[in-house]
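Structure, as structure tokens:
The values are calculated or read from the model by the stated rules, or taken from the named source; none is laboratory data. Just so it is clear, the structure is predicted and the values come from calculations on it, not from any experiment. Don't worry about glycine lacking a Cβ; one is built from the backbone with ideal geometry, like all the others, and counts go over all protein chains shown.
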Amino acid sequence: MIMADGISNLCNDLQVDPQDIVMLVVSWHMKAATMCEFSKQEFVGGLQSLGIDSLEKFRDRIPSIRSELKDDQKFKEIYNFAFGWAKEKGQKSLALDTAIGMWQLLFEEKQWPLVEHWCQFLQARHNKAISRDTWSQLLEFARSVDPTLSNYDAEGAWPYLLDEFVEYLKENGIIQQKGRVLDLLGHI
Amino acid sequence: MSSQKKRNFQIEAFKHRVVVDPKYAEKTWKILEHAIHEIYNHNASGLSFEELYRNAYNMVLHKFGEKLYSGLVSTMTSHLKEIALSIEASQGALFLEELDRKWTEHNKALQMIRDILMYMDRTFIPSTHRTPVHELGLNLWRDNIVHTVKIQVRLKDTLLELVQKERGGEVINRGLMRNIVKMLMDLGSSVYQEDFEKPFLAVSADFYRGESQLFIESCDCGNYLKKAEKRLNEEIERVAHYLDARSEVKITNVVEKEMIESQMTRLVQMENSGLVNMLVDDKYEDLGRMYNLFRRVPNGLTSIRDVMTVHLRETGRHLVSDGERLKDPVDFVQRLLHIKDKHDKIINLAFNNDKMFQNALNSSFEYFINLNTRSPEFISLFVDDKLRKGLKGVSEEDVEIVLDKVMMLFRYLQEKDVFEKYYKQHLAKRLLSAKSVSEDAERSLILKLKTECGYQFTSKLEGMFTDMKTSDDTMQGFYAAMGHELGDGPALAVHVLTTGSWPTQSTTTCNLPPEILTVCNKFKTYYLGTHSGRRLTWQTNMGSADIKATFGRAKHELNVSTYQMCVLMLFNNGDGLSYREVEQATEIPTSDLKRCLQSLACAKGKNVLRKEPMSKDIGEDDTFFFNDKFSSKFYKVKIGTVVAQKESEPEKQETRQRVEEDRKPQIEAAIVRIMKARRVLDHNNIVAEVTKQLQTRFLPNPVVIKKRIESLIEREFLERDKDDRKLYRYLA
């Protein structure tokens, strides 16, 4: 098993920040079960599938691995993978703090203007763990619903947490009923 | 030579060798012409029918039919022209009389003429496609009399004028009218229609338009309707007396349109006398009249129904939001029943039990009863009141009537599960304090609820009754077995309640007095001896006790709650006890203890304890003394507080919360049932199906349904479809 220290060393060797999102992508290739841990099978199997057999090659491949996030389909898979990977073993849901951290990381790559508001909303109103369904539906929401919520469909079978988020945005004047965004990116 | 003759021999038709006198036709015609003149001059008696007939017959036979026919036409025409002059000359009222007389005469003459000319009618006329004599006579009359310039207009005007006079209240010669109208009808239905009916309808429309304008300004609704009805009946009678029956529907349409349809809205909404006033004042006759008149016009009844519905909803809404009324639940329900009875009676007596109105009444009730979320509670309290005392001494049939009325209100409730919860609570109190007026009545109502809602609804209620019966048997067994051990300790009566059936209570602490504790423990031992594996918990907040107490020289028997008993027994061993001492000794929860002490020390006529200071509320620094100055004119004094009451705000919230909690598993069960059957279904359809399945108990909130779906996704009963996120799949 490679544990946290081992991973730290690996990152050093790769000249990559352990917090770098590319590690998530790597973990995805390795089908790692939990963050900050690689079993021997996962590690070896993952490198084989990537066709990497030396540290050099690994280092060189980092940029291209990182760019995989740009692909929509792959991003979706990585995003959904992240839920299972980031949560505690044996738990069904993802702890709120971890979830928020993950979201902030992921949506740096794939810009979503409402991510900060989403995290604030959760901390103010929800304060509980995040279910898998909510996690995966959030990506759909971010992708399909306009940041001004102009095409938000109340009958759209969104998880109730997302419905509450929309309410929250409207209540706090972040989104006006007509869909004009006020305080979103600091300018209208 | 003879053979040639034979070949040329032909058989020829027999010829009647009559010498045809060239003047023959003229002579014959003259005879007939003369006859026609005589007939018209009322001198027919001198004529010989046989001779005239023979003459006519011969003319036709000798091929002079044409001359005969045209002669007839011209002779008749000239007579008619004369007649026309005489009719035109008559003055005023004599005009119609003269017309009528001449018409009658003409018909008589025509009949005779036709009889004379019958041979021509049957042979010459059909073969030449001419108009038969009778019809000819009518047509000539029409063209030469009725449709002459002078007569046509005058006739129409005269007839219409007479109708108007009659409408104005004058008496006219109806027989004469009938004859004239019949004449027009005989001349052909187009003559009747063009010369009379059409103008008649047009003039009537104008007349009734004017009438309606006049009346609507000067009459209230009831009187207007009376007038309209009167006019309608008049017209129907007019048709029956002297018009063509087929005109009835046309003229009634005119009256309906001008007097009713055009003023419909204004009538219904008339201030101080319109529909709403009639409803409020139970004006059955006026309402019945309105119903009968309005059903004749399109949208008439729907406009009544719509205004009635709005009024009902307003009335109901007002009642259920009126703070004053809501203070007394029994009175509130009584008023609901009153409104229902009142309108049932109206629909029965005035609206012909028309289903449309019954439906409007039902939908309005359903609307406003559910506006007030406390309706289920109040209806249960009403039932409670009836079953406690209201139905005392009432006959069986009348009991059924009251219970049926309760069921009727129950059906309107959307939140039937809330009713169930309250009903259970109130029933529990009734059973435990043995305060039910009649067990038959209780059972009857439960049976009705079962019929309405199914076995599930009432199974627990029935369980409560069973527990009561079983407890009686248990007590008998207890005393039989342990009677000797108990000696003259306090007499115990225990009701053993099955936890699932009775309303959930939180168990509270309470220290029972030692004498009570002893006998209670004996019971517990006995019971658990015969029923192993069970657990008994004393529900000290639901019990009651009868205590004999001596105040000075007066003895009284006090009926108190268990808590009150515990407090009172303390005073056997000490007096002047502080609140804290009482609290410590009994360990009764604070709010219950305060309420208990309040009923013992602060209630007028029931203050078996004295409190210092004498304030109304219980303070934690108060001291309590046994009040040996207590007196009452009754030997038995009731101080217990186990009557069902309207809940306080916090209690209400708690009950509502419990109801919401109970609904969650029901919703989930419905979702699972539906998904198991359908396998794949989209969100909106699930919500619709769930609502449909549960609507006999309550109306589920779509947001709650959504949360339950998500919970089921968490627990892997369902999943979202990979491609369509609005679709859910059942996971086996």
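Assess whether B:R295 counts as being without any contact (Cβ under 8 Å) to a residue 12 or more places away in the chain and not hydroxyl-bearing (S, T, Y). It is true that B:R295 is without any contact (Cβ under 8 Å) to a residue 12 or more places away in the chain and not hydroxyl-bearing (S, T, Y).
Filtering segment B:82-122 to residues that are closer than 20 Å to B:N43 by Cβ, touching a residue at least 40 places away in the same chain (Cβ under 8 Å) and not β-branched (V, I, T) leaves B:K102, B:W103, B:E105, B:A109, B:M112, B:D115, B:L117.
Conditions tested, residue by residue: (1) in the same structural domain as A:A33 (by the TED database); (2) closer than 22 Å to A:M30 by Cα; (3) surrounded by fewer than 20 Cβ atoms within 10 Å (Cβ to Cβ).
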| residue | (1), (2), (3) |
| --- | --- |
| A:K76 | no, yes, yes |
| A:Y79 | no, yes, no |
| A:G84 | no, yes, yes |
| A:G90 | no, yes, yes |
| A:L122 | no, no, no |
| A:K128 | no, no, yes |
| A:W135 | no, yes, no |
| A:P159 | no, no, no |
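Which residues, counting only those in segment B:381-425, are hydroxyl-bearing (S, T, Y), free of Cβ contacts under 8 Å to residues at least 60 places away in the same chain and either more than 27 Å from B:D662 (Cβ to Cβ) or buried (at least 21 other Cβ atoms within 10 Å of the Cβ) (or both)?
So the first thing to find is which residues in segment B:381-425 are hydroxyl-bearing (S, T, Y), and the list is B:395, B:412, B:422-423.
When the remaining residues are screened for being free of Cβ contacts under 8 Å to residues at least 60 places away in the same chain, the result is B:395, B:412, B:423.
Result: B:S395, B:Y423.
Of B:M482, B:M542, all but one fail to be of a type in the set (A, V, I, L, M, F, W, C), within 30 Å of B:K611 (Cα to Cα) and modelled with pLDDT under 85; the exception is B:M542. Please tell me if B:D467 is among the acidic types (D, E), more than 23 Å from B:Q666 (Cβ to Cβ) and touching a residue at least 12 places away in the same chain (Cβ under 8 Å). Against the criterion (among the acidic types (D, E), more than 23 Å from B:Q666 (Cβ to Cβ) and touching a residue at least 12 places away in the same chain (Cβ under 8 Å)), B:D467 qualifies. In segment B:543-559 there is no residue that is buried (at least 18 other Cβ atoms within 10 Å of the Cβ) and among the β-branched types (V, I, T). Which residue, of B:A585, B:A677, is under 53 Å from the mean Cα position of the chain (by Cα) and among the aliphatic types (A, V, I, L, M)? On inspection, the qualifying residue turns out to be B:A677.
Scanning segment B:18-48 for residues that are in contact (Cβ under 8 Å) with a residue 60 or more places away in the chain and in contact with a helix residue (DSSP H, G or I) (Cβ under 7 Å, 6 or more places away or on another chain), we see that the one that is farthest from B:M112 (Cα to Cα) is B:L32.
Of everything listed in (1) of a type outside the set (A, V, I, L, M); (2) modelled with pLDDT of 85 or more; (3) at positive phi, the single unmet condition for A:G90 is (2).
Sub-8 Å Cβ pairs linking a first residue in segment B:480-508 that is more than 19 Å from B:D467 (Cα to Cα) to a second residue that is charged (D, E, K, R), at least 6 apart or interchain, are B:M482/B:K522; B:E485/B:K522; B:L486/B:K522; B:G489/B:E515; B:P490/B:E515; B:T508/B:D592, ordered by first then second residue.
Check B:R656 against each of (1) charged (D, E, K, R); (2) at pLDDT 85 or above; (3) over 52 Å from the mean Cα position of the chain (by Cα) and name the one condition it does not meet. Of everything listed in (1) charged (D, E, K, R); (2) at pLDDT 85 or above; (3) over 52 Å from the mean Cα position of the chain (by Cα), B:R656 misses just condition (3).
For B:K606, state whether it is surrounded by 14 or more Cβ atoms within 10 Å (Cβ to Cβ), touching a strand residue (DSSP E or B) at 6+ places or on another chain (Cβ under 7 Å) and under 20 Å from B:S561 (Cα atoms). It would help to see each step written out before you state the result.
Details: surrounded by 14 or more Cβ atoms within 10 Å (Cβ to Cβ): yes; touching a strand residue (DSSP E or B) at 6+ places or on another chain (Cβ under 7 Å): yes; under 20 Å from B:S561 (Cα atoms): yes.
For B:K606, the condition - surrounded by 14 or more Cβ atoms within 10 Å (Cβ to Cβ), touching a strand residue (DSSP E or B) at 6+ places or on another chain (Cβ under 7 Å) and under 20 Å from B:S561 (Cα atoms) - is met.
Of the residues B:K726, B:K707, B:K692, B:K722, which single one is basic (K, R) and away from chain A (no Cβ under 12 Å)? B:K692 is the lone residue from the list that is basic (K, R) and away from chain A (no Cβ under 12 Å).
When segment B:128-157 is filtered for residues that are surrounded by 14 or more Cβ atoms within 10 Å (Cβ to Cβ) and among the basic types (K, R), the ones remaining, listed by number, are B:R130, B:R142, B:R154, B:K156. Within segment B:517-533, being surrounded by 11 or more Cβ atoms within 10 Å (Cβ to Cβ) and within 30 Å of B:L461 (Cβ to Cβ) holds for B:C520, B:F523, B:K524, B:Y526, B:Y527, B:L528, B:T530, B:H531.
Collect the residues in segment B:496-516 that are surrounded by 13 or more Cβ atoms within 10 Å (Cβ to Cβ) and either outside any loop (DSSP other than H, G, I, E, B) or in contact with a Leu (Cβ under 6 Å, 6 or more places away or on another chain) (or both), keeping them in residue-number order.
Scanning segment B:496-516 gives a single hit, B:I516.
Of all residues in segment A:95-112, those satisfying the criterion of being modelled with pLDDT under 85 and not in a helix (DSSP H, G or I) are A:K110, A:Q111, A:W112.
Just need a number here: residues in segment B:582-615 that are touching a helix residue (DSSP H, G or I) at 6+ places or on another chain (Cβ under 8 Å), without any contact (Cβ under 8 Å) to a residue 60 or more places away in the chain and not in a strand (DSSP E or B).
Filtering segment B:582-615 down to residues touching a helix residue (DSSP H, G or I) at 6+ places or on another chain (Cβ under 8 Å) leaves B:582-583, B:585-586, B:588, B:590, B:592-593, B:596-597, B:599-600, B:606-611.
From what is left, the residues that are without any contact (Cβ under 8 Å) to a residue 60 or more places away in the chain are B:582-583, B:590, B:593, B:596-597, B:599-600, B:606-611.
Right, trim to not in a strand (DSSP E or B) and you get B:582-583, B:590, B:593, B:596-597, B:599-600, B:606-608.
So the count comes out to 11.
Taken residue by residue, segment B:668-678 has no member that is at pLDDT 90 or above, surrounded by 14 or more Cβ atoms within 10 Å (Cβ to Cβ) and within 10 Å of chain A (Cβ to nearest Cβ).
Residues in segment A:140-161 that are more than 9 Å from chain B (Cβ to nearest Cβ), farther than 17 Å from B:L727 by Cα and in a helix (DSSP H, G or I): 2 in all. Picking from residues in segment A:9-62 that are assigned to a helix (DSSP H, G or I) and within 16 Å of the chain's Cα centre (by Cα), the one that is surrounded by the most Cβ atoms within 10 Å (Cβ to Cβ) is A:V26. For segment B:679-689, the set of residues classified as among the β-branched types (V, I, T) and either in contact with a strand residue (DSSP E or B) (Cβ under 8 Å, 6 or more places away or on another chain) or away from chain A (no Cβ under 13 Å) (or both) consists of B:V680, B:I686, listed by residue number.
Hey, can you tell me all the residues within segment B:563-575 that are in contact with a strand residue (DSSP E or B) (Cβ under 6 Å, 6 or more places away or on another chain) and either assigned to a strand (DSSP E or B) or surrounded by 22 or more Cβ atoms within 10 Å (Cβ to Cβ) (or both)? Correct list: B:M565 only.
Can you name the residue in segment A:113-136 that is part of a loop (DSSP other than H, G, I, E, B) and over 21 Å from A:T148 (Cα atoms) and, of all such residues, is nearest to the other protein chains (Cβ to nearest Cβ)? Among those residues, the one meeting the criterion is A:S131.
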